[in-house]
Amino acid sequence: MTLVFVGALLARGRRTVTSWIRAAGLSDDYKPVYTTVAAAGKRADFIAARLAIDVLKPLVAKAERLTFAIDDTPTPRYGPQVQGAGAHHNPAPGPAGGPFVYGHVWVVLAALVTHSDWGIVTLPLLARLYVRAKNLASIDPWHRPAFRTKLGLAVELLRWAKSWMGGWKKPLWVVADGAYAKAAFLKPMKALAVTVVSRLRKDAALWTEPGKRRPGQRGRGRLYGERRIDLAKRAGQRRGWSTGTFDLYGEPTVKRYKTFVATWRPAGGAIRVVLVDEPHGWVAFFCSDPNAGVADVLQLIAARFTLETAFRDLKEIVGAGQQQTRFMWASVGAFHVCAWTFTMTEAWAWGRPCDELTDRSASPWDDPQRRPSHADKRRAWRRELLRQEIYATLRAGPTSEEIQATAERLLALAA
């Protein structure tokens, strides 16, 4: 499995599994590689748990809480008989893209970790393949999973995180897209004691907090108040607004906001509501912990967009979705190899100085103080691996045949 990761890191061009095989020097034993990739898909939960313990735990040792982001993303696929593939909504069609994309959709759980210089860094850990009910027939019956919605898959991922990381004695928080702010996700999170931060619909049916119990009153206390809260009216009122400076997107940002506690049935009780006055109009966010601060909510909402950047790098730089596998478990394994390669690259670069990761001498127009991109970190790790291979060959007193073999291998990787 280690050599597969090395191949995924060193592969260039279209990052198919065959390019991994060639980059890792496994062409003579290519068939076991496909078996290994499929096996990684079946054992993804266990491998991701080891990755979390060995890589994530040291990075969050001083953090007050474990923070995760969850969202779904498509990977386009081409060709017939691709198990689990179907037509899905395209979230980023672009100028020439259509409203739908054919391929796989992944519900991804990623850890959000704060770096002293780079800010929030996203580390993908585990994913679930979402298959529409009408596309399940494309999967062999003995490998066909039961139909689960994206919300159900998200609950599975957080249960996995709770089972493996709940013993780290840190509260678990998760920030999610507004599409996950529904009872099917929020109520299981409340049962797991996981705090959720997300966007709130402007027409959400909010209610006031329940009144105090009368002396001697029997029975269970009320969970919801009696008066309806209209978010549009609350946002339209001039009184109650405050102004604060928050650390958002790596710099101090002034926001005009209004906050209050309300009760909401999909969340199963009280929530903290934060209204923010933006240039294009007001927006609403919430936290399932009514005692949370405004800074906690806004910082997590801003940090969620690092997951979108990670999705872009995962597809464009690491090559997720390019592996041309047809079998479902091979597709699952290939996506996870890409996600784990992304995470291990970020972890390898974590403690290294920026000048070791980037060299912008050939780009005088670029900002030398800009934080290293994932592509910079990936190139730096590739250079280090190739440098070690050259040194290992030279230290052993190589023969001319060994030097020629090493040179040909490096030329093949470069070309």
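Here Val101 meets each of (1) within 21 Å of the chain's Cα centre (by Cα); (2) touching a residue at least 40 places away in the same chain (Cβ under 8 Å); (3) open to solvent by less than 30 Å² (accessible area, probe 1.4 Å) with one exception, condition (2). Of all residues in the stretch 366-378, those being open to solvent by 10 Å² or more (accessible area, probe 1.4 Å) and part of a loop (DSSP other than H, G, I, E, B) number 7.
Count of the stretch 247-286 residues, restricted to those that are more than 15 Å from Arg201 (Cβ to Cβ), in contact with a Phe, Trp or Tyr (Cβ under 9 Å, 6 or more places away or on another chain) and of a type in the set (A, V, I, L, M, F, W, C), is 2. Among the residues making up the stretch 87-103, a single one is at pLDDT 85 or above and touching a Ser or Thr at 6+ places or on another chain (Cβ under 8 Å): Gly103. Provide a single number: the residues in the stretch 10-19 that are within 15 Å of Val37 (Cβ to Cβ) and either of a type in the set (S, T, N, Q) or assigned to a helix (DSSP H, G or I) (or both). Number of matching residues: 4.
Scanning the stretch 293-313 for residues that are among the basic types (Lys, Arg), crowded, with 19+ Cβ neighbours inside 10 Å and part of a helix (DSSP H, G or I) gives no hits.
Checked against the criterion of being in contact with a helix residue (DSSP H, G or I) (Cβ under 7 Å, 6 or more places away or on another chain), surrounded by fewer than 19 Cβ atoms within 10 Å (Cβ to Cβ) and not in a strand (DSSP E or B), the candidates Pro266, Pro290 yield just one match: Pro266.
The sole residue among Gly240, Gly211, Gly244 that is in contact with a Lys or Arg (Cβ under 7 Å, 6 or more places away or on another chain), within 17 Å of Val261 (Cα to Cα) and outside any helix (DSSP H, G or I) is Gly240. Examine the stretch 88-101 for a residue that is in contact with a helix residue (DSSP H, G or I) (Cβ under 9 Å, 6 or more places away or on another chain) and among the polar types (S, T, N, Q), and state whether such a residue exists. Looking for residues that are in contact with a helix residue (DSSP H, G or I) (Cβ under 9 Å, 6 or more places away or on another chain) and among the polar types (S, T, N, Q), one finds none in the stretch 88-101, hence no. Taking the stretch 20-49 as the range and being open to solvent by 50 Å² or more (accessible area, probe 1.4 Å) and part of a helix (DSSP H, G or I) as the test, the residues that pass are Arg22, Ser27, Asp28, Asp29, Tyr30, Lys31, Pro32, Tyr34, Thr35, Lys42, Asp45, Phe46.
To keep it simple, each residue is scored yes or no on (1) under 30 Å from Asp117 (Cβ atoms); (2) within 20 Å of the chain's Cα centre (by Cα).
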site: Trp168; (1), (2): yes, no
site: Asp177; (1), (2): yes, yes
site: Gly225; (1), (2): no, no
site: Ile229; (1), (2): no, no
site: Glu251; (1), (2): yes, no
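Out of the residues in the stretch 50-102 meeting the condition of being assigned to a strand (DSSP E or B) and among the charged types (D, E, K, R), tell me which one is farthest from Val194 (Cα to Cα). Among those residues, the one meeting the criterion is Asp72. Conditions: (1) open to solvent by less than 50 Å² (accessible area, probe 1.4 Å); (2) of a type in the set (Gly, Ala, Ser); (3) within 23 Å of the chain's Cα centre (by Cα); (4) farther than 24 Å from Ala38 by Cβ. Ser363 meets all but one. Number of the miss? Every listed condition holds for Ser363 apart from (3). For the stretch 127-153, the candidate set comprises residues that are under 23 Å from the mean Cα position of the chain (by Cα) and of a type in the set (Val, Ile, Thr); within that set, the residue that is nearest to Lys187 (Cα to Cα) is Thr149. Of the residues making up the stretch 269-279, just one is crowded, with 20+ Cβ neighbours inside 10 Å and either outside any strand (DSSP E or B) or of a type in the set (D, E, K, R) (or both), namely Arg272. For the stretch 314-324, which positions are not basic (Lys, Arg) and not in a loop (DSSP other than H, G, I, E, B)? Leu314, Glu316, listed by residue number.
For the criterion of being surrounded by fewer than 20 Cβ atoms within 10 Å (Cβ to Cβ) and modelled with pLDDT of 90 or more, Arg14 fails. Scanning the stretch 314-330 for residues that are buried (at least 19 other Cβ atoms within 10 Å of the Cβ) and under 15 Å from the mean Cα position of the chain (by Cα) yields Leu314, Val318, Ala320. Considering the stretch 58-86 alone, what residues qualify as being in contact with a Phe, Trp or Tyr (Cβ under 7 Å, 6 or more places away or on another chain) and surrounded by fewer than 15 Cβ atoms within 10 Å (Cβ to Cβ)? Matches in the stretch 58-86: Arg65 only.
Pro210 meets all of the listed conditions (1) farther than 30 Å from Leu112 by Cβ; (2) modelled with pLDDT under 90; (3) exposed (fewer than 11 other Cβ atoms within 10 Å of the Cβ) but one, namely (3). Scanning the stretch 325-353 for residues that are touching a helix residue (DSSP H, G or I) at 6+ places or on another chain (Cβ under 7 Å) and not in a helix (DSSP H, G or I) yields Thr325, Phe327, Trp350.
The values are calculated or read from the model by the stated rules, or taken from the named source; none is laboratory data. In this text the structure is predicted, and so the values were computed from the model without any measurement. As a convention, Cβ positions derive from the backbone with ideal geometry for all residues, glycine included, and neighbour counts pool all protein chains shown. Quick note on the areas: whole protein, heavy atoms, side chains included, nothing else; ligands and nucleic acids left out. Shrake-Rupley method; radii C 1.70, N 1.55, O 1.52, S 1.80 Å.
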